[in-house]
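Inspection log for the structure reproduced underneath, given as structure tokens.
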Amino acid sequence: MNKHYDHDAWHLYIEGQLTSDIASSMEQHLYKCPICLDLYMTSVEQLSNRLPAPVDPTALTDAIMEQISTHRHLNPSHTTISERRRTIRNYFIAAAATLVLMVTGIFQGLLYQVDAIQQPSSAEGSGRVSDKLVEHTLRFLEIPPSVPSQNQMNTTNSK
């Protein structure tokens with residue numbers, strides 16, 4: 001509905017003087033229209049002095065809380081079942097993701113990468129990574145290194 005309700009319509013709604021069909025239509029419109037929601041809130045503020053106040057606010061709060069706790073005690077299995085379903089669904093998703101990662105070999109590739117990092121090959125020595133990169137680049141370009149690498153300095157010093 002594109003029509004906006006005026007203050008008078010909201011006053012009638014608040015006072016309960018409308019049919020249930022019109023009141024329901026107005027409620028649905030409130031969910032969609034921020035302009036009418038502002039008008040409704042303004043109307044509530046204007047009529048707040050004419051609205052009945054609860055006789056004992058504490059008793060009203062206690063009665064509402066009692067109804068809520070009674071409702072929860074009547075339907076404990078409903079939330080338990082939905083929680084169990086959600087937990088089981090999450091386990092199935094995690095298991096499926098694990099199987100996909102295992103089948104595609106991602107875990108195996110990670111294992112090889114970790115092994116390569118933890119155990120450097122003895123042919124490359126224990127020099128710095130930057131020195132190794134320079135040596136590999138120079139070998140690729142077939143240029144003899146002019147600055148001795150860490151390995152070369154270690155062998156020279158040990159002689």
Check: Taking R0 as 25 Å, what's the FRET efficiency between Ile106 and Val129 from their Cβ-Cβ distance, rounded to 0.05?
Finding: 0.50
Next item on the list: Mind giving me the FRET efficiency for Glu15 and Ile64? R0 is 30 Å, r the Cβ-Cβ distance, nearest 0.05 is fine.
Entry: 0.85
Checklist line | Cut-off 14 Å between beta-carbons: net charge of the residues surrounding Ile93, Lys and Arg +1, Asp and Glu -1 | finding: +3
Check: Can you tell me the Rg and Dmax of the stretch 7-52, counting just the alpha carbons, in angstroms?
Finding: 10.2, 28
Notebook entry, point to check: Once label points are set 7 Å from the Cα along Cα→Cβ at both Gln113 and Ile35, what is their separation, rounded to one decimal in nm?
Noted result: 5.6
Check: What is the distance, in nm, between label points placed 7 Å from the Cα along the Cα-to-Cβ direction at Thr80 and at Val44?
Finding: 3.7
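Read the figures in this text as sums done on the coordinates, not as results from a lab. Source: prediction; values computed, not measured. Virtual Cβ from ideal backbone geometry, glycine too; neighbours counted across all protein chains shown.
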